[in-house]
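Each remark here refers to the structure printed beneath this line.
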Amino acid sequence: YDGSDLWLRYEPVGDPGLLARYRAALGAIVVENAGRTEVHRHTANLAMAPGSTEHLVRSTLEAARDELVRGLGGLLGRPVPVRGGFPGRAVVVGTPDSSPLVRRYVPARDLSSLGDDGYLIRSVSRGGHSSVFIAANTDLAALYGTFAFLRRLQAQQPVTGLDIRSVPRIHHRHLNYWETERLYAGNNTAGTGGLNGENGAIFDFAATGASAALNLPVILDRYLVAARAMASVGINGITINNVNANSFYLTPAAIEQEAALADALRPYGIKLAVSINYAAPTDARFAPDTLTREELDPYSAKFRDWWTRRARQLQAAIPDFMGFTVKANSEGQPGPQDLGYDHGDGANGMAAAVAPLGMRIFWRTFVYNADVDADRLKRAYLEFGPIDEEPQPDGTKGRFARNVFLQTKNGPLDYQAREPANPLFGRMEHTNQALELQITQEYTGQNTMLCYLGPLWEEVLKSDTYATDEHGRLLEKRLVGNVVDGTAQGHPDSAIVGVANFGNAGNLTGHHFAQANLYAFGRLAWDWTLDARGIAEDWVRLTWSNRDPVVRTIVAMMMGSREALVSYQTPLGVAHQFRSSDHYGPNPAERLARDDWSPVYYNRADRAGLGYDRSPTGSGFTAQYFPVLAARYGDIETVPENLLMWFHHVPWDRRLRSGRIFWDELVYRYQTGVHYVSWMRRAWDSLEPCLDARRFAEVKAKLAAHEADAGTWRDTCVHYWQEFNGLPVPTDGPLAIEIVVGGRRIGGFDAGAPSYTIPVAAGTSP
Ligand code: BDP
């Protein structure tokens, strides 16, 4: 088995008793009126590659029916027939609109609170037989319910006596697809061509040529696996190109291909958006419809009309096109500031251009400029905060238009393995905010290291902003997740975005365990209150095995993996020590032309100590947080140790909570991280008899490289710090590693004293 079906494997149920029960309960599939909507407009461009096991479906209900045929057939080890009528012992899928059975057996009031995306799964008895109803208000939600039901069987949970209801907390659950730029995920060079040498991307566009059919059919089967995987966890949109945007994606040749892609993804509820360059109107490819640089004025009719025309073209080909993602005045990209305007002017100009078409603008807040403020982290709030506060003529506050989302990375720096939450969350009261997480492992081991990001995201989503009202009183329900889902500030619209890791590798993500990050993102996007451990367990059962010892071991490996990575790469809050060429290996000594791209800028190593002082006596960045956090982070006595160097320059001999001095503690952390990887390698080896040969061997090979590279991180960093402090490296006693989640020990290994604990998902709150 090569991993190419991700978690949609549908392996036959191994336990004979359970198999018999499933077979007895699930005798037929009933999806009334499955073929009634025709959703393909560009079908001429779509065809499967010869020998593909995927096939095109025409409607969402057809996708649900086919998934049940595939899933139940696989799990039950024999075909389950599709039937009309009401045969009993059936799985019935539909909406009141599509299905007379749903109208008859599911009371309308039970559906009324499900919204457009929620579903219910319930057992219904009739004539001595029980059937399972998967019902919703829309076909898409019925598809979500179908996947959730199949997940139950995959994880060997009961399928009788069901009464399940699930509604997502966040409306827009999107991926941003950037692998075209640096290929961190599963890529090899055996692509079929692709735009500008962007081999390795899953969406493989032909740069030239009249026919949109040029590359699509060859890889359509892979798109459909990706589409099913996305839909199975509720992802409902994707921005298909890099944020450092190439305007090709707005040209007619590209739009024709995007339309074909949109058609293939539409039955699965995945809508398209495109990243744009603010100065696209000046691009010669649009001649004679081009503007001059001076005409990029966001208030001018010329500028707005240009974008309206582009949006119209897209909408004509893709009726449900979502809008644009914009990286402006960030890392050299053009933007409204080039003409003396601010982000509010620029975002609103574009928003006005697309609002009549029902589209949105996702405007990124990833801005920094160390020439203006010495501390790069301060820039985003300085640029966006005042616009959010600005009084409006109608008496309200905040200038950003309603159809603008500000898209903000979880931390104030750049997708590091640990960051405090971005201070923009909680402070931007009057603006729609989308949380942007990085699924692809740019800074977390890329395609080589096993790093489960669930704990990182859980930590962020459950971080308290400690927001206060105008009297300084703490407000209720102000976790980052509450801000993102709109409940904290009463925003009706909400969004979360994951920068995704599909490539053209057979298993789509390169490292088999990178699939877990995609899965976890989707599950958390649906319900951010879930815990990362439970998600990991689900994923392991769906992807690897249902045998309890195997599940326990793999979950334990995953749950400690991120904390281990933090330990051997950037322990105790030192950030961004990556070599600039690839963001994979270490280079703490690197000094680049730009200060704020340089590891030395972040580590500030000197004879006195290590770390960046952002306290009131340093850069003062801590003041951007609400008072509780500002005080906690600003004081070296109270800052959480896992963020120590994020906020303070720490003396080498400072005594830490373990009783060790800072230098010794630092070295122990590096050691611990490497030891953990060695333990993961041994734990994996112990699973050989229980796992399929190919994937076992592939992960084994990755873990060997992982272990070596973790050692390189430790050695490079420790030796470099030593050049400043001249202190001896403390002897490496054997370590006992415990993996503790939420106070509960879930695994670890004992190699003798001194004992050492990796606090998993301990969070940055106390
Ligand atoms: C950085 C990446 C760069 C992205 C940038 C961004 O290295 O490729 O363009 O983030 O988010 O981490 O815009």
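The values are calculated or read from the model by the stated rules, or taken from the named source; none is laboratory data. In this text the structure is predicted, and so the values were computed from the model without any measurement. For neighbour counting, all protein chains shown are included, and Cβ atoms are generated from backbone atoms with ideal geometry for every residue, glycine included. What goes into the accessible areas is simple: the full protein's heavy atoms, side chains included, and nothing from ligands, DNA or RNA. Shrake-Rupley method; radii C 1.70, N 1.55, O 1.52, S 1.80 Å.
Checking each residue in region 582-601 for being under 17 Å from L572 (Cα atoms), open to solvent by less than 10 Å² (accessible area, probe 1.4 Å) and free of Cβ contacts under 8 Å to residues at least 60 places away in the same chain picks out only P599.
Condition check: within 27 Å of I496 (Cβ to Cβ) and within 25 Å of the chain's Cα centre (by Cα). Does V367 satisfy that?
Details: within 27 Å of I496 (Cβ to Cβ): yes; within 25 Å of the chain's Cα centre (by Cα): yes.
Taking the combined requirement at face value, the residue satisfies it.
A count restricted to region 613-629 and to residues that are open to solvent by 10 Å² or more (accessible area, probe 1.4 Å) and either modelled with pLDDT under 95 or of a type in the set (F, W, Y) (or both) stands at 2. Restricting attention to region 543-561, the residues that are over 21 Å from G74 (Cα atoms), at pLDDT 95 or above and basic (K, R) add up to 0. Just to be sure I understand, how many residues within region 163-191 are within 16 Å of the ligand (Cβ to nearest atom), open to solvent by less than 20 Å² (accessible area, probe 1.4 Å) and modelled with pLDDT under 90? Here the count works out to 4. Residues that are touching a residue at least 24 places away in the same chain (Cβ under 8 Å) and either assigned to a helix (DSSP H, G or I) or in the same structural domain as I318 (by TED's automatic domain parsing) (or both): does region 78-98 have at least one? Checked region 78-98: no residue is touching a residue at least 24 places away in the same chain (Cβ under 8 Å) and either assigned to a helix (DSSP H, G or I) or in the same structural domain as I318 (by TED's automatic domain parsing) (or both). Residue selection: N642 satisfies the criterion of being open to solvent by 10 Å² or more (accessible area, probe 1.4 Å) and touching a Pro at 6+ places or on another chain (Cβ under 9 Å). I'd like to check something: does region 361-369 contain any residue that is open to solvent by 40 Å² or more (accessible area, probe 1.4 Å) and away from the ligand (no atom under 16 Å from the Cβ)? Among the residues of region 361-369, not one is open to solvent by 40 Å² or more (accessible area, probe 1.4 Å) and away from the ligand (no atom under 16 Å from the Cβ), which makes the answer no. Number of residues in region 150-165 that are in contact with a strand residue (DSSP E or B) (Cβ under 9 Å, 6 or more places away or on another chain) and closer than 15 Å to G27 by Cα equals 2.
Residues in region 412-436 that are within 12 Å of the ligand (Cβ to nearest atom) and either in contact with a Lys or Arg (Cβ under 8 Å, 6 or more places away or on another chain) or under 29 Å from Q392 (Cα atoms) (or both): 3 in all.
Scanning region 437-459 for residues that are outside any loop (DSSP other than H, G, I, E, B) and either within 15 Å of the ligand (Cβ to nearest atom) or open to solvent by 10 Å² or more (accessible area, probe 1.4 Å) (or both) yields L437, Q438, L456, E458, E459.
The set of residues in region 645-661 being part of a helix (DSSP H, G or I) and surrounded by fewer than 23 Cβ atoms within 10 Å (Cβ to Cβ) is empty.
Filter region 304-335 for residues that are of a type outside the set (S, T, N, Q) and over 16 Å from L357 (Cα atoms); which is surrounded by the fewest Cβ atoms within 10 Å (Cβ to Cβ)?
G332
Scanning region 565-602 for residues that are closer than 19 Å to D664 by Cα and more than 13 Å from the ligand (Cβ to nearest atom) turns up L565, V566, S567, Y568, Q569, T570, P571, L572, G573, V574, P588. Selection over region 221-242 of residues that are within 16 Å of the ligand (Cβ to nearest atom) and either of a type in the set (D, E, K, R) or assigned to a strand (DSSP E or B) (or both) gives a count of 1. In summary, G472 fulfils each of the numbered conditions (1) within 16 Å of the ligand (Cβ to nearest atom); (2) on the phi > 0 side of the Ramachandran plot with the single exception of condition (1). Report, by residue number, each residue of region 493-522 that is surrounded by fewer than 22 Cβ atoms within 10 Å (Cβ to Cβ) and closer than 11 Å to R169 by Cα. Answer for region 493-522, where residues must be surrounded by fewer than 22 Cβ atoms within 10 Å (Cβ to Cβ) and closer than 11 Å to R169 by Cα: D493, S494.
Quickly run through region 529-574 and pick out the residues that are open to solvent by 10 Å² or more (accessible area, probe 1.4 Å) and part of a loop (DSSP other than H, G, I, E, B). Listed by number, the residues that qualify are T529, L530, D531, W544, S545, N546, R547, T570. Scan region 271-284 for residues that are over 25 Å from D320 (Cα atoms) and of a type in the set (D, E, K, R) and the total you get is 1.
Looking at A347, A351, A374, just one residue is aliphatic (A, V, I, L, M) and surrounded by fewer than 19 Cβ atoms within 10 Å (Cβ to Cβ), and that residue is A374. Restricting attention to region 386-411, and to residues there that are over 15 Å from A434 (Cα atoms) and touching a residue at least 24 places away in the same chain (Cβ under 8 Å), which single residue is nearest to the ligand (Cβ to nearest atom)? Applying the filter and picking the extreme gives I387. Any residue that is open to solvent by less than 10 Å² (accessible area, probe 1.4 Å), under 20 Å from the mean Cα position of the chain (by Cα) and within 16 Å of the ligand (Cβ to nearest atom) - is there at least one of those in region 243-253? Yes: region 243-253 contains one or more residues that are open to solvent by less than 10 Å² (accessible area, probe 1.4 Å), under 20 Å from the mean Cα position of the chain (by Cα) and within 16 Å of the ligand (Cβ to nearest atom).
Let's see how each residue does on (1) closer than 24 Å to G269 by Cβ; (2) touching a strand residue (DSSP E or B) at 6+ places or on another chain (Cβ under 6 Å); (3) modelled with pLDDT of 95 or more:
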residue: V31; (1), (2), (3): yes, yes, yes
residue: R41; (1), (2), (3): yes, no, no
residue: A47; (1), (2), (3): yes, no, no
residue: S52; (1), (2), (3): yes, no, no
residue: V69; (1), (2), (3): yes, no, yes
residue: V82; (1), (2), (3): yes, yes, yes
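Within region 204-262, work out how many residues are within 30 Å of A64 (Cα to Cα), at pLDDT 90 or above and β-branched (V, I, T). So the answer is 7.
Between D305, D320, D297, the distinction of being more than 17 Å from N348 (Cβ to Cβ), more than 16 Å from the ligand (Cβ to nearest atom) and assigned by TED's automatic domain parsing to the domain that holds W178 belongs to D320 only.
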